[in-house]
Every structure is written in C-alpha cells, then in structure tokens.
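Chemist: Would you mind keeping the following structure in view while I ask a few things?
The values are calculated or read from the model by the stated rules, or taken from the named source; none is laboratory data. Nothing here was measured: the structure is a model prediction, and the numbers come from that model. Here the Cβ positions follow ideal geometry from the backbone for every residue, glycine too, while neighbour counts run over all protein chains shown. SASA here: full protein model, heavy atoms, side chains in, ligands and nucleic acids out. Shrake-Rupley method; radii C 1.70, N 1.55, O 1.52, S 1.80 Å.
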Amino acid sequence: MGAQMTEEQQIAATWMQGPLLVLAGPGTGKTRTLIARIEHLLSSGVNPRRILCTTFNKRAADQIKERLFATIGETASSINIGTFHATALGIVRSIGASVGVSGDFKLWVNELERRKLVEQLIGEARSEDPTLTLLRGADDEFVGRALEFIDGMREALVDPDDASLRAFELNDAEQLTFSEIYARYTQALEKEEKIDFPRLMQLACSALKTDVAHQGV
C-alpha cells in the first residue's frame with residue numbers, strides 16, 4: 001500500500017483516532033484511498049458487515065466493489081457499498097417501520113410528476129386559503145422555487161412544522177407559503193404511500209436515529 005500512495009492518502013487510509021474529514025478533488029486517488037482504508041479496517045479486525053461505504057453515483061460504487069473483490073475476494077460481498085440513495089433505500093426497507101413507513105411504499109422518481117403535484121397543491125391552497133396572497137400570481141418559476149424549498153428542507157432534515165416555525169421567526173412570507181405547500185406535499189405522498197429521493201434520505205436518517213435510541217447506543 002505504502003509505495004503506491006502519498007503520505008496524505010496513507011494517513012486517510014489508516015486513521016483510527018475518530019472521525020476524519022478528507023477534502024479531495026478529481027483525479028486525486030479517492031477510490032484507491034477508500035479501498036486501502038477498507039483493507040486496513042479489515043486487517044485491524046473490523047467485521048466487514050460493520051463497514052459502510054457510500055458514493056454519489058452507481059459507477060463509483062461498482063468500481064469499488066470490483067476492485068475489492070479482486071483484492072480481498074468474497075469478503076467484499078459482506079461490505080455495505082452503494083450510492084447514498086441505494087443505502088438509504090436499504091435502511092428504510094429494513095427499519096423504516098420505526099418511523100411509520102409502510103413495507104409496500106413506492107419509490108417516486110419522476111421529476112415532472114413531482115412538479116405537477118406541487119402545481120396542483122398550489123392551486124388547491126389558493127382556492128382554500130385566500131390569505132396566502134403570494135399564490136395568486138404563482139407561475140412556473142414559483143412552482144420551481146416551491147419544490148426547491150421542499151427538497152432543501154428535506155435535505156436539512158426539517159419537517160413541515162419546523163419549516164413553518166423557521167419562516168415565522170424570519171418573518172418571511174414566501175417561506176411561510178412554501179411551508180404550507182410542503183405540508184400538503186408531505187400529506188399527499190403519505191396518502192399515496194410514495195417516497196421521493198429527498199424524503200428517502202430524510203426517513204433513513206430518522207430511522208437510524210430512532211433505531212440507535214431504541215438500542216440505547
């Protein structure tokens with residue numbers, strides 16, 4: 001390992017003193033370092049099933065799997081390697097019941113349909129609550145900003161009630177309006193037992209937090 005890696009890569013691969021943040025750009029040997037780190041953990045006696053390796057895209061995950069199979073053999077099949085979304089999906093399918101997720105939920109990835117739903121919910125809210133004055137002139141750009149707000153709150157692990165509270169504290173009329181749409185969007189997906197990608201990550205984090213609390217870790 002040492003002859004093929006820089007000093008910084010070796011430090012990242014063998015660090016065992018707690019969390020470590022490594023910032024690296026394209027072409028700097030991130031994959032090689034990750035593989036070396038996994039090998040180091042295994043040689044240190046870490047159970048392969050307790051190792052989690054996540055990537056942003058499937059190609060990177062597949063590449064890591066292939067290279068690990070070539071170096072450590074069948075042990076690689078016991079290591080959790082996948083994209084963030086695939087990992088989150090596995091978590092929700094296995095322990096999602098702890099946060100109220102039905103076992104037969106549908107993963108919803110159609111971006112056009114998501115946008116149409118937000119547009120529909122804006123129309124319903126406009127009809128039901130005349131006090132939401134910002135909705136009167138809602139256009140395509142407004143719909144896009146509403147969906148961006150929803151996804152941003154999801155990624156920040158903020159639920160609709162907390163989003164509304166934040167907006168109230170900021171005295172931000174647009175965010176208050178978006179929070180109302182966010183609440184309606186969440187209710188619509190729960191009714192249809194649908195989960196989109198941002199919600200998938202949110203639920204996975206909530207399920208892990210609940211599971212750890214139940215185990216008293």
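Chemist: Dipole size in debye (nearest 20) for the chain around its Cα centre, Lys and Arg Cβ +1, Asp and Glu Cβ -1? Present the calculation step by step, with values, prior to reporting the outcome.
Modeler: Details: 24 positive and 31 negative charges, 217 e Å.
For the chain, the charge dipole is close to 1040 debye.
Chemist: Let me ask something additional. Using Cα pairs closer than 8 Å and at least 6 residues apart in sequence, work out the relative contact order for segment 143-206, in percent. Write down the numbers at each step before the final one.
Modeler: Details: 40 pairs, mean separation 26.2, N = 64.
That works out to 41 percent.
Chemist: If you count, for each residue, the other Cβ atoms within 10 Å and average over each peptide, how do 63-71, 107-115, 19-27, 83-91 line up from highest to lowest?
Modeler: On the way: 63-71: 15.2, 107-115: 13.3, 19-27: 7.7, 83-91: 18.4.
Most protected by this proxy first, the peptides run 83-91, 63-71, 107-115, 19-27.
Chemist: Starting from the Cα of R166, step 7 Å along the direction of its Cβ; do the same at A86; then give the gap between the two resulting points in nm.
Modeler: Placing both labels 7 Å along Cα→Cβ, they lie 3.0 nm apart.
Chemist: What is the Å³ per residue value for the convex hull set by the Cα atoms of segment 159-202? Don't skip to the answer; put the middle values down first.
Modeler: Numbers: hull volume 2.7 nm³, N = 44.
Spelled out: Cα convex hull of segment 159-202, divided by residues, is 61 Å³.
Chemist: Between T55, W108, Q17, whose Cα lies farthest towards the positive end of the dipole of segment 1-152 when Lys and Arg beta carbons carry +1 and Asp and Glu beta carbons carry -1, centred on the Cα centre?
Modeler: About the Cα centre, the residue reaching furthest to the positive side is Q17.
Chemist: Still on this structure: Please calculate how many Å² of accessible area segment 1-54 carries per residue, with a 1.4 Å probe and no DNA, RNA or ligand atoms counted. The partial results should precede the final answer.
Modeler: Working: 3790 Å² over 54 residues.
Solvent-accessible surface per residue comes out at 70 Å².
Chemist: What Kirkwood Rh does segment 1-114 have if only Cα atoms enter the pairwise 1/r average? Answer in Å. Don't skip to the answer; put the middle values down first.
Modeler: Details: mean 1/r = 0.0622 Å⁻¹.
After inverting the pairwise mean of 1/r, the radius is 16.1 Å.
Chemist: Pull out the extension gain between D104 and T71, defined as 0.36 nm times the separation in residues minus the alpha carbon to alpha carbon distance; nm, one decimal. Don't skip to the end; give the middle numbers.
Modeler: Working: separation 33, 0.36 × 33 = 11.88 nm, distance 3.77 nm.
Length gained, D104 through T71: 8.1 nm.
Chemist: For the pairs K30/K58; K116/K194; K116/K209; K30/K65, flag any whose C-alpha to C-alpha distance is greater than 25 Å.
Modeler: On the way: K30/K58 15 Å; K116/K194 15 Å; K116/K209 32 Å; K30/K65 14 Å.
In this structure, K116/K209 exceed 25 Å between Cα atoms.
Chemist: Now a separate question. If I stretch the segment between Q10 and S94 completely, what's the gain in nm (0.36 nm per residue apart, minus their alpha carbon distance), one decimal?
Modeler: Working: separation 84, 0.36 × 84 = 30.24 nm, distance 3.48 nm.
Stretched fully, the Q10-S94 segment lengthens by 26.8 nm.
Chemist: Send over the per residue convex hull volume for segment 69-170, Cα only, as a whole number of Å³. Don't skip to the answer; put the middle values down first.
Modeler: Values: hull volume 18.3 nm³, N = 102.
In segment 69-170, the Cα convex hull volume per residue is 180 Å³.
Chemist: Return the inverse of the average 1/r over all pairs of distinct C-alpha atoms in the chain, which is the Kirkwood hydrodynamic radius, in Å to one decimal. Could you put the intermediate results ahead of the total?
Modeler: On the way: mean 1/r = 0.0496 Å⁻¹.
It is 20.2 Å.
Chemist: Defining a contact as two alpha carbons under 8 Å apart and six or more residues distant in sequence, what relative contact order in percent does the chain show? Provide the component values of the computation, followed by the final result.
Modeler: On the way: 193 pairs, mean separation 43.9, N = 217.
Averaging sequence separation for qualifying contacts and normalising by length gives 20 percent for the chain.
Chemist: Let me ask something else. Taking the Cα centre of segment 22-114 as origin, work out the dipole magnitude from +1 charges on Lys and Arg Cβ and -1 charges on Asp and Glu Cβ, in debye rounded to 20. It would help to have the intermediate numbers written out before the result.
Modeler: Details: 12 positive and 7 negative charges, 40 e Å.
In total the dipole reaches around 200 debye.
Chemist: Apply the Kirkwood formula to segment 142-217: the hydrodynamic radius equals the inverse of the mean of 1/r over all pairs of different alpha-carbon atoms; give it in Å with one decimal.
Modeler: Numbers: mean 1/r = 0.0760 Å⁻¹.
About 13.2 Å for segment 142-217.
Chemist: Just to be sure I understand the model, the point goes 7 Å from the Cα along the line to the Cβ. What's the resulting D129 to S78 distance in nm?
Modeler: Here the modelled spin labels are 5.3 nm apart.
Chemist: What FRET efficiency comes out for R32 versus E148 if R0 is 41 angstrom and r is the Cβ-Cβ distance? Round to the nearest 0.05. Intermediate results must be reported in sequence, preceding the final value.
Modeler: Details: r = 36 Å, r/R0 = 0.88.
After rounding, the FRET efficiency stands at 0.70.
Chemist: How much length, in nm to one decimal, is gained on full extension between R115 and K58, taken as 0.36 nm per residue of separation minus their Cα-Cα distance? Before the final figure, lay out the partial values.
Modeler: Working: separation 57, 0.36 × 57 = 20.52 nm, distance 2.53 nm.
In short, 18.0 nm is gained.
Chemist: Follow-up question, since we're still on this one. Can you find, among G123, S78, S98, the residue sitting farthest towards the positive end of the charge dipole of segment 60-149, where Lys and Arg contribute +1 and Asp and Glu -1 at Cβ?
Modeler: S78
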